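A.B. asks: Below is one structure. I have some questions about it.
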Amino acid sequence: MFGTEIKSIREGKASLADAYCVFHKNELWVQGLHIAEYWWGSCNNHDPKRERKLLLSRKELNKLERKAQDVGLTIIALRMFINERGYAKLEIALARGKKKYDKREDIKQRDAKRELERMRKF
């Protein structure tokens, strides 16, 4: 991690919206994590969307890699924070995506809720 990245994180200029983790050569990398360029960074600024390596123990990496092999499971970033020693930490979790019928059900519920709100206004 570059110095301009940690300065941007401390200012709260990081977005985890599209962040997910993948394995490359038995190492865990986070992709889609957007850390905005530091305003005072000049020509030494970092690339906001670059891949970043996550530091985990070999035991943790092996466990995550075995579980991530299952169909439909992916490793996602939940939150980013600065610990008491000043290091940026990323909390990750194993997640299962929604099935198509689950998505349709959520859309139906959202539309029904929207209709109820419209009816209450009148």
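All of the numbers you see were taken from the coordinates with simple rules; none came from a lab. If you're wondering where the values come from, they're calculated on a predicted model, not measured in any experiment. All Cβ positions, even for glycine, are placed from backbone atoms using ideal geometry, and neighbour counts span all protein chains on display.
A.B. asks: Taking the beta-carbon count within 10 Å as an exposure proxy, list Ser8, Ser57, Ser15 from fewest neighbours to most.
C.D. replies: If I rank by nearby Cβ atoms, fewest first, I get Ser57, Ser15, Ser8.
A.B. asks: Still on this model: With viscosity set to 0.692 mPa s and temperature to 37 °C, compute the Stokes-Einstein D of the range 3-97, Rh being the Kirkwood radius across alpha carbon pairs; µm²/s, no decimals.
C.D. replies: 230
A.B. asks: For the chain, what is the calculated [θ] at 222 nm in deg cm²/dmol (nearest 500), taking -39500 (n - 2.57) for each run of four or more DSSP H residues and dividing by its residue count? Don't skip to the answer; put the middle values down first.
C.D. replies: Details: 3 runs with 41 residues, N = 122.
After summing the helix terms and dividing by the residues of the chain, the value is -11000 deg cm²/dmol.
A.B. asks: Further, regarding this structure: What distance in nm separates the two pseudo spin-label positions at Phe2 and Ala68, each 7 Å out from Cα along the beta-carbon direction?
C.D. replies: Reported label-point gap for Phe2 and Ala68 is 2.4 nm.
A.B. asks: Take the Cα of Asn83, step 7 Å along the line toward its Cβ, and report every residue of the range 1-20 whose backbone nitrogen sits under 16 Å from that point.
C.D. replies: Output list for this probe position: 1.
A.B. asks: When we measure straight from the Cα of Lys13, which lysines land under 24 angstrom away, once same-chain ones fewer than 8 places off are left out?
C.D. replies: Those lysines meeting the cut-off are Lys49, Lys53, Lys89.
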